[in-house]
Amino acid sequence: MSEETITQLKRDERFFRLSREELERVADLTDRLRPIELFESLSDLELAYIAQKGELQRAVRGDILIHQGG
């Protein structure tokens with residue numbers, strides 16, 4: 001987790017009310033998402049928003065993550 005990321009989050013209205021613990025969680029997930037090619041075009045704040053709103057899910061090889069239809 002990066003103190004720099006936490007400082008950046010504190011300046012944004014979407015995150016400034018978060019507790020220190022939640023800021024650390026979001027910053028950690030943001031730092032983990034940053035190197036993933038899928039997210040390379042997003043800013044740190046956009047990644048942080050995804051980290052804040054998303055849920056960490058564990059998957060094993062062969063698990064279906066997305067399927068077509070309803």
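Laboratory data are not the source of any read-out in this text; all were calculated from the coordinates shown. Note that the structure is a prediction, hence the values are computed from the model and not measured. Cβ placement follows ideal geometry from the backbone for every residue including glycine, while neighbour counts extend to all protein chains displayed.
Side notes on the structure shown:
- Net lengthening on full extension, Arg14/Ser43 (0.36 nm per residue, minus Cα-Cα): 9.0 nm
- Listed values (i) 19, 46, 24, 11, 0; (ii) 19, 45, 31, 5; (iii) 15, 47, 27, 11, 0 include one computed from this model; for P(r) over Cα pairs in 10 Å bins from 0, in percent that value carries the label (i).
- Charge dipole (debye, nearest 20) of the chain; +1 at Cβ of Lys and Arg, -1 at Cβ of Asp and Glu: 200 debye
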